[in-house]
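First comes the structure, then the notes that go with it.
No lab work stands behind these numbers, since they all come straight from the coordinates. Computed from a predicted structure; not experimentally measured. Positions of Cβ are generated from backbone atoms using ideal geometry, with glycine treated the same way; all protein chains shown enter the neighbour counts.
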Amino acid sequence: MRKLVLGVGNPILSDDGVGIHVARALKARNLPGVEVEELPASGLELLDMVLDFDKVVIVDAIQTRGGVPGQIRILEEADFERAVHGSSPHGINIATALAMGRKVVPDRMPKEVVFVAVEAEDLINVSESLSSKVEAALPEIVKRVEKELA
């Protein structure tokens, strides 16, 4: 079974880079049978990266009303089916890109896609550092990704 962890985000936009930070932490662990990639964009670029994998875990920042910075949410593709607003600071949103891939190249798309969405505190300030609350949650986020891969 081919597995991919894809850390998505802008590494110089504070918490938007959480997916990149998680990907780097996982790369250092050299998990057997798991490829780990960073994607500082999303959308159509994402399609090339997920093709021919059986399972893909995408790690990205989210910001919701009343969300607690560092909180982890596990989402699946179906969670995005009724989304009204799906714009992303990375371009075409991930859910739309995956849906497009399922129509265009269904045989090459992953059988399972899991989103590890991390509640962000700061998506505005230019910084290579995460906010303190998201930084403190990194070990738990990495553990959660590993659990999704098991």
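For each of Met1, Met100, count neighbouring Cβ atoms within 10 Å of the residue's Cβ, then give the residues from fewest to most.
By the 10 Å Cβ count, ascending: Met1, Met100.
Can you put Leu4, Leu130, Leu44, Leu149 in order, fewest other beta carbons within 10 Å first?
Ranked by crowding around the Cβ, least crowded first: Leu44, Leu149, Leu4, Leu130.
Per-residue ellipticity at 222 nm for the chain, helices alone: DSSP H runs ≥ 4 residues times -39500 (n - 2.57), over residue total, nearest 500 deg cm²/dmol?
-10000 deg cm²/dmol
May I ask for the distance between the Cα centers of segment 28-68 and segment 1-15, given as a whole number of Å?
Using only Cα atoms to place each centre, the spacing works out to 5 Å.
Evaluate the relative contact order of the chain (contact order divided by residue number), counting alpha-carbon pairs under 8 angstrom at least 6 apart; express in whole percent.
35 percent
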